[in-house]
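Here is the structure we will look at.
The values are calculated or read from the model by the stated rules, or taken from the named source; none is laboratory data. Quick caveat, the model's predicted, so the values are computed rather than measured. Virtual Cβ from ideal backbone geometry, glycine too; neighbours counted across all protein chains shown.
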Amino acid sequence: MAIFPGNRPKPFVRGPRRVVEEPYRVNERILASRVRVVGENIKVDVYATSVAIKMAQEQGLDLVEISPNAEPPVCKIIDYSKFKYEQKKKQKEIKANAQKTVLKEIRFGPNTDDHDFNFKLKHAENFLKEGAKVKAYVHFAGRSIVYKERGEILLLKFAQALEEIGKVEQLPKLEGKRMYMMVAPKGKK
């Protein structure tokens, strides 16, 4: 294949690199002229920024602006890379401890009989006891959409059966061919 100016292979171009901005000002990036210095083996007092940076360098550490909005700004003499690592670790821990909400779906038809209803009700009870939210919906296939009232009655009956362990977050609502309702577990007393 001949290479003409129009069909030359394009060179591989890497996109622009993102510049990660540091969340804290360190050493020479501190803008204030005077700062309150805290840390280990340091007399807590207000110093000129240049003096505080020299104090940190003498200990082989960094001067990090912890509270920039204070008057004067509060700086701490610490190892900045170790400080960043510990902050990242704390954020990860907070994220891990955050409760993740699980959403389980239960599907009904407009003509669901009592046995199927009770079977699905037991599943919903188990989901709510585990702490998951339940999205119950009635799917109207074909012409069954004319039985909207049956679907609504079914979902309200479902909510009434679960009122001991769950609370209705959203009443039955029709969206397209589905009428759905949200039930969340009741908070522990």
key: Of all residues making up the range 168-179, the number that are exposed (fewer than 15 other Cβ atoms within 10 Å of the Cβ), within 20 Å of A132 (Cα to Cα) and either touching a residue at least 60 places away in the same chain (Cβ under 8 Å) or in contact with a helix residue (DSSP H, G or I) (Cβ under 9 Å, 6 or more places away or on another chain) (or both)   = 1
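Go through K173, K186, K84, K100 for me and flag whichever is modelled with pLDDT under 90 and closer than 30 Å to V64 by Cα. Spell out the reasoning first.
Numbers: K173 fails: closer than 30 Å to V64 by Cα; K186 fails: closer than 30 Å to V64 by Cα; K100 fails: closer than 30 Å to V64 by Cα.
Answer to the selection: K84.
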query = If you scan the range 146-167, which residues turn out to be surrounded by 15 or more Cβ atoms within 10 Å (Cβ to Cβ), farther than 20 Å from T101 by Cα and not charged (D, E, K, R)?
reply = Y147, G151, L154, L155, F158, A161
ask   = In this structure, is A52 loosely packed, with under 13 Cβ neighbours inside 10 Å, farther than 30 Å from L128 by Cα and not polar (S, T, N, Q)?
value = no
remark   = Going through (1) out of contact with any Phe, Trp or Tyr (no Cβ under 8 Å at 6 or more places or on another chain); (2) modelled with pLDDT of 85 or more one by one, I145 fails only at (2)
ask   = What number of residues within the range 75-101 satisfy the criterion of being in contact (Cβ under 8 Å) with a residue 12 or more places away in the chain, within 16 Å of L61 (Cα to Cα) and not basic (K, R)?
value = 6
query = What number of residues within the range 107-153 satisfy the criterion of being part of a loop (DSSP other than H, G, I, E, B), under 22 Å from Q170 (Cβ atoms) and not hydrophobic (A, V, I, L, M, F, W, C)?
reply = 5
query = Say we look at the range 65-106 and pick out the residues that are part of a strand (DSSP E or B) and within 28 Å of the chain's Cα centre (by Cα); which of these is surrounded by the most Cβ atoms within 10 Å (Cβ to Cβ)?
reply = E65
query = What are the pairs, 6+ residues apart or on separate chains, where a residue within the range 129-141 that is farther than 22 Å from E164 by Cα has its Cβ under 6 Å from a residue that is among the basic types (K, R)?
reply = H139/R107; H139/R178; F140/K177
